[in-house]
Amino acid sequence: MNAPRLSYAQILSTNNIMRAAGEETYFLGVTRTVQESKFFPVSAYIMLGYLNAFYRYPALLRKIERHMPPEDLADRVRNVSSKAMSMGINWCMTNFYLLGREMLINLGLLRPHDACEDVFYVLDFWRRYQLAWRREDGHITCKEGGHRSQVLPERRIQVFHADLHPCAQGDRLHTAADAFLAAISQYAVLVACESRACMTNHGPYNLGGGRELLVREFYDLAEGDLPWLDGVAADVPHARLTVTTAVKDTHFYIVDDWGSFESKPEYRGEKLCGIGLYTSDELSETHIPLGMGSRGELADTLERYTAIFKDATARLWRRFAGYTRDQLMDAGALTYYNIIKDFAHIAGCYEADDWNLIDRRAERFRVLLNDEYGNQVLGALFVPLSCPSHQCSPYTMMQHSDLPKRTYSPLSAALLRDEDYVPTVGALHPGITYLPAKVDRYRTTQGVMGLAELNARVRGFVPQLCSERFRHLDDTWVKYHYDTPLADELYRIEQQYSRKLAGKGAGLSRDDIERLADPV
């Protein structure tokens, strides 16, 4: 007999998250671009990744929280670039887990009450993280913010705004920026096995004068966590890149939880009017500018990086061309499943086998996941919602379809007196992979190092902005204390690498920043 493990309030909170996530999943599935590939078994590897998430996320998140709670993780991520600020957390963490659960329910291998402790824990970890990371806009998702992703504090936006290098269609910097964005996007999609898991966008941020700032993030570019990049990405100089893009006469009216954007009028390259380039990670104080000393230096840097990414793309295609179907399945499934792995990096407890193996419980389903079945089950779980678990009372009208369906099976309040359920999937189980063993080489902002050294250095490093002196000084506090020495100190830490704002401190308005910036 199981004693009740969840309170009534916890059940209600969990169901609220599931219902909201399900409605947005349907919306994104209907309105966003279909993902497919002539090379990778995308639908099949996605489903394998979902199952792996269901079986492994609970134990791994508990391990991470033993080292650092989600609120502290969020405070670290707010000050640098990390996959933990991408669609991987906005949407993927909860929905990968829940879609794996829903598949098992429809196969008859899981009842909605089973693993109830895990369901609550995973969703509550996500909720706590999101509330802390998105504290400036106060929304738990982009959907709540009207499909906007305005997550940065003012001090960061000011630096990005002030240091933008202006460009115009036809000049060298604009041409270099166009070529670079095309090359890095193509490379990032291939690194992620022809998915968008290694790139995202956030914003828009209003720069005034009919211009908006869209920040573009790229992850897992260099040798690091992904075995298929060992050797292939040896010449890639940075694992993460942040590209700041100012766009004129274009309004980004959607920046959603998948990191996708839509604009009016449709975004075109000629509308790009400013660009900046940065890197950062768990060992950097804040964003570090790259080639930002002058327009010529930035053009040189972008042209050099474009050549590097084109070469790495060709190398990676050659590597993937030699992979078996099982290896392609593993690479894709792990790309999806390990999209939350940067939590472990931030906490300094990353272990390669935690994130680069397929759990043996998930592995059992590989034989089912041919291309035809993979396509059918993925489609059924996303949009038609044609599985038995999706059907509900005919009086019900789903938000975007008006159909009597729901994406995820809720927990019943009767769980409080139900004695027949299994509360958790348990501890981490052994896993397998068909991929080559991971080489112990990780590129960071502090150089290339092994994993043991990386974990030790992360555990020993507390950025100034995350110290107890500064971590709780949000934009609401700054609004009422901008003229204090402490506010100046906070802003000067952020401004330390800025070519325009270094040492200027707090109290600057957007108009002040515009006057300091290079004229467009």
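When segment 275-308 is examined, which residues are found to be farther than 19 Å from residue 502 by Cα and either surrounded by fewer than 22 Cβ atoms within 10 Å (Cβ to Cβ) or not assigned by TED's automatic domain parsing to the domain that holds residue 455 (or both)?
Within segment 275-308, 283, 296, 297, 300, 301, 303, 304, 306, 307, 308 qualify.
Among all residue pairs at least 6 apart or on different chains, which show Cβ distances below 9 Å where the first residue, located in segment 502-520, is in a helix (DSSP H, G or I) and the second is among the basic types (Lys, Arg)?
Sorted first by the residue in segment 502-520, then by its partner, the pairs are 512/504; 513/500; 516/500; 516/504.
Name the one entry in 336, 305, 253, 323 that is in contact with a Cys (Cβ under 8 Å, 6 or more places away or on another chain) and either among the hydroxyl-bearing types (Ser, Thr, Tyr) or at pLDDT 95 or above (or both).
Selected residue: 336, the only one of 336, 305, 253, 323 that is in contact with a Cys (Cβ under 8 Å, 6 or more places away or on another chain) and either among the hydroxyl-bearing types (Ser, Thr, Tyr) or at pLDDT 95 or above (or both).
Looking only at segment 391-415, which residues are in a helix (DSSP H, G or I) and without any contact (Cβ under 8 Å) to a residue 60 or more places away in the chain?
414
Out of curiosity, is residue 134 over 25 Å from residue 276 (Cα atoms) and either basic (Lys, Arg) or not assigned by TED's automatic domain parsing to the domain that holds residue 243 (or both)?
no
One line per residue, one yes/no per condition, for (1) touching a residue at least 40 places away in the same chain (Cβ under 8 Å); (2) among the small types (Gly, Ala, Ser):
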{"site": "115", "(1), (2)": "yes, yes"}
{"site": "135", "(1), (2)": "yes, no"}
{"site": "141", "(1), (2)": "yes, no"}
{"site": "144", "(1), (2)": "no, no"}
{"site": "154", "(1), (2)": "yes, no"}
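Could you pull out every one of the helices (runs of 4 or more DSSP H) wholly within segment 1-98 that has 3 or more residues that are surrounded by fewer than 18 Cβ atoms within 10 Å (Cβ to Cβ)?
8-31, 42-67
Note down all Cβ pairs under 9 Å where the first residue falls in segment 234-260 and is farther than 18 Å from residue 188 by Cα and in contact (Cβ under 8 Å) with a residue 24 or more places away in the chain, the second is surrounded by 16 or more Cβ atoms within 10 Å (Cβ to Cβ) and among the acidic types (Asp, Glu), and they're at least six residues apart or on different chains.
That search, which allows pairs on different chains as well, returns 246/212; 247/212; 248/212; 250/212; 251/212; 252/212; 256/24; 257/24.
Please state which one of 211, 240 is assigned by TED's automatic domain parsing to the domain that holds residue 444, closer than 30 Å to residue 353 by Cβ, of a type in the set (D, E, K, R) and touching a strand residue (DSSP E or B) at 6+ places or on another chain (Cβ under 8 Å).
240
I need a count of the residues in segment 416-459 that are at pLDDT below 95 and assigned to a helix (DSSP H, G or I).
Qualifying residue count for the region: 1.
In segment 161-205, what residues are of a type in the set (Val, Ile, Thr) and crowded, with 23+ Cβ neighbours inside 10 Å?
Within segment 161-205, 184, 191, 200 qualify.
Identify, from the list 323, 305, 278, 337, the residue that is of a type outside the set (S, T, N, Q) and assigned to a loop (DSSP other than H, G, I, E, B).
Result: 323 is the single residue among 323, 305, 278, 337 that is of a type outside the set (S, T, N, Q) and assigned to a loop (DSSP other than H, G, I, E, B).
Which residues, counting only those in segment 364-390, are assigned to a helix (DSSP H, G or I) and more than 15 Å from residue 101 (Cα to Cα)?
Once the filter is applied, which keeps residues that are assigned to a helix (DSSP H, G or I) and more than 15 Å from residue 101 (Cα to Cα), segment 364-390 yields 366, 367, 368, 371, 372, 373, 374, 375, 376, 379.
With the condition kept exactly as written, say whether any residue in segment 102-120 is within 20 Å of the chain's Cα centre (by Cα) and crowded, with 21+ Cβ neighbours inside 10 Å.
No, there is no match, as no residue in segment 102-120 is within 20 Å of the chain's Cα centre (by Cα) and crowded, with 21+ Cβ neighbours inside 10 Å.
Is it the case that residue 486 is of a type in the set (A, V, I, L, M, F, W, C) and touching a residue at least 24 places away in the same chain (Cβ under 8 Å)?
No; evaluated as a whole, the condition is false for this residue.
Would you mind listing the strands (runs of 3 or more DSSP E) fully within segment 234-274 where at least 1 residues are crowded, with 17+ Cβ neighbours inside 10 Å and aromatic (Phe, Trp, Tyr)?
It comes to 251-255, 261-264.
Residue under question is residue 148, and the condition is that it be in contact (Cβ under 8 Å) with a residue 40 or more places away in the chain, of a type in the set (Lys, Arg) and farther than 28 Å from residue 299 by Cα; does it hold?
Spelling it out, residue 148 is indeed in contact (Cβ under 8 Å) with a residue 40 or more places away in the chain, of a type in the set (Lys, Arg) and farther than 28 Å from residue 299 by Cα.
Filter segment 384-441 down to the residues that are surrounded by fewer than 14 Cβ atoms within 10 Å (Cβ to Cβ) and among the acidic types (Asp, Glu), then identify the one that is nearest to residue 329 (Cα to Cα).
It comes out as 440.
Restricting to segment 72-105, give me the number of residues that are in contact with a His (Cβ under 8 Å, 6 or more places away or on another chain) and among the hydrophobic types (A, V, I, L, M, F, W, C).
Of the residues in segment 72-105, 2 are in contact with a His (Cβ under 8 Å, 6 or more places away or on another chain) and among the hydrophobic types (A, V, I, L, M, F, W, C).
Might you check whether a residue that is in contact with a Pro (Cβ under 7 Å, 6 or more places away or on another chain), among the charged types (D, E, K, R), at pLDDT 95 or above and under 28 Å from residue 494 (Cα atoms) occurs anywhere in segment 55-74?
Scanning segment 55-74, I find no residue that is in contact with a Pro (Cβ under 7 Å, 6 or more places away or on another chain), among the charged types (D, E, K, R), at pLDDT 95 or above and under 28 Å from residue 494 (Cα atoms), so the answer is no.
Take the residues in segment 156-170 that are in a loop (DSSP other than H, G, I, E, B) and touching a residue at least 60 places away in the same chain (Cβ under 8 Å), then tell me which one is farthest from residue 213 (Cα to Cα).
My answer is 169.
Filter segment 308-322 for residues that are free of Cβ contacts under 8 Å to residues at least 12 places away in the same chain and under 18 Å from residue 187 (Cβ atoms) and give the result.
Residues satisfying the conditions are 314, 318, 321.
Yes/no matrix, rows are residues, columns are (1) of a type outside the set (Lys, Arg); (2) in the same structural domain as residue 117 (by TED's automatic domain parsing):
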| position | (1), (2) |
| --- | --- |
| 367 | yes, yes |
| 427 | yes, no |
| 443 | no, no |
| 454 | yes, no |
| 466 | yes, no |
| 472 | yes, no |
| 475 | yes, no |
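The values are calculated or read from the model by the stated rules, or taken from the named source; none is laboratory data. Model, not experiment: these values are computed from the prediction. Positions of Cβ are generated from backbone atoms using ideal geometry, with glycine treated the same way; all protein chains shown enter the neighbour counts.
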